[in-house]
1. Considering Ala267, Ala263, Ala271, which residue is part of a loop (DSSP other than H, G, I, E, B), on the phi < 0 side of the Ramachandran plot and surrounded by fewer than 21 Cβ atoms within 10 Å (Cβ to Cβ)?
2. Is it the case, given these coordinates, that Glu199 is surrounded by fewer than 21 Cβ atoms within 10 Å (Cβ to Cβ) and either within 20 Å of Asp15 (Cβ to Cβ) or hydroxyl-bearing (Ser, Thr, Tyr) (or both)?
3. Across the stretch 76-115, what is the total count of residues that are among the polar types (S, T, N, Q) and in a helix (DSSP H, G or I)?
4. Are any residues in the stretch 116-135 part of a loop (DSSP other than H, G, I, E, B) and over 24 Å from Ile280 (Cα atoms), and if so, which ones?
5. Return yes or no: is Ala230 more than 22 Å from Val168 (Cβ to Cβ) and either touching a residue at least 60 places away in the same chain (Cβ under 8 Å) or surrounded by fewer than 17 Cβ atoms within 10 Å (Cβ to Cβ) (or both)?
6. Please go through the stretch 240-260 and pick out each residue that is part of a loop (DSSP other than H, G, I, E, B) and closer than 15 Å to Val48 by Cβ.
7. Could you list, in sequence order, all residues of the stretch 163-217 that are at pLDDT 95 or above, more than 21 Å from Pro17 (Cα to Cα) and among the basic types (Lys, Arg)?
8. Is one or more of the residues making up the stretch 163-170 part of a strand (DSSP E or B), buried (at least 20 other Cβ atoms within 10 Å of the Cβ) and in contact with an Asp or Glu (Cβ under 7 Å, 6 or more places away or on another chain)?
Amino acid sequence: MCDTMRHLRLPGGGDLPVLGQGTWGMGERSSARDTEVAALRRGLDLGVGLIDTAEMYGNGGAEEVVGAAMSGRRDEVFLVSKVFPHNASRRGTVEACERSLRRLGTDHIDLYLLHWRGGTPLAETLEAFEGLRDSGKIRYFGVSNFDPGDLRELWEHELGRAIATNQVLYNLTRRGIEYDLLPWCRQQELPVMAYSPIEQGRLLGDSELGRIADRHSATPAQVAIAWVLASEGVCAIPKAASEEHVEQNHAALEIELSEEDLAALDARFPAPGHAVPLEIL
């Protein structure tokens, strides 16, 4: 079991691991199921207990993969799933959550998110989240892909100020949240979950990233993840569909980027100096 896992403090108490396992793209091919399950279980062996999924991924298939991986090990997992916006009415949220619970083979989800902003009034979704929390079907609730304006509107609701996280796209090439969203979340002590920390692999051929990786006897992916983890109040949920990949992601916890490394990455991947629309993959 890993003893190097760091945690962020959730607003309502409790801990959020800084490194998790994403499942976007899992559950789409039956031929890959055993490999995907084994990868998630290897992550649990290493202490990477945060697993992020959604009803959208593989039309529920990813949740079934996660359920198989958690079998007999539910107490090792901090489980995150998400509801589609078109299911986010008061009744629809509850029904979607119950379907997810069946696919996951568990009686509760640790953190349940609204996947992105839809047409349902926020107050209605928040009331559904509150009901699910009060009934023990979820422990915490939050949002995903919310921009600063969405968050400010959310904060107008008492329940909105009870959210546990905002999950957004964040990596070396997608630094727009540093201008406004990330400072706001830090001010509110609201953890940010960063998805696609290696930009679905598109970062990995960069020469500067490669040079820094060589200095650390690491891979470019590990450096890209370590860069995200070095950001205050942020956790990363890279996908890993093989045991080897999970092990490599886990090793990113050991990388301490120097001021020289960070300056070189800032020069190569500069943050925007103005507000930009929230990016989504």
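1. Answer to the selection: Ala271.
2. Numbers: surrounded by fewer than 21 Cβ atoms within 10 Å (Cβ to Cβ): yes; either within 20 Å of Asp15 (Cβ to Cβ) or hydroxyl-bearing (Ser, Thr, Tyr) (or both): no.
Taking the combined requirement at face value, the residue does not satisfy it.
3. Adding up the residues that qualify gives 3.
4. The answer is Ser135, and nothing else.
5. Numbers: more than 22 Å from Val168 (Cβ to Cβ): no; either touching a residue at least 60 places away in the same chain (Cβ under 8 Å) or surrounded by fewer than 17 Cβ atoms within 10 Å (Cβ to Cβ) (or both): yes.
Judged against the criteria, Ala230 is not a match.
6. Answer for the stretch 240-260, where residues must be part of a loop (DSSP other than H, G, I, E, B) and closer than 15 Å to Val48 by Cβ: Ala240, Ala241, Ser242.
7. Hits for the stretch 163-217 are Arg174, Arg175, Arg211, Arg215.
8. No, because not a single residue in the stretch 163-170 is part of a strand (DSSP E or B), buried (at least 20 other Cβ atoms within 10 Å of the Cβ) and in contact with an Asp or Glu (Cβ under 7 Å, 6 or more places away or on another chain).
The values are calculated or read from the model by the stated rules, or taken from the named source; none is laboratory data. No experiment lies behind these values; they were computed from the predicted model shown. Cβ atoms come from the backbone with ideal geometry, glycine included; neighbour counts cover every protein chain shown.
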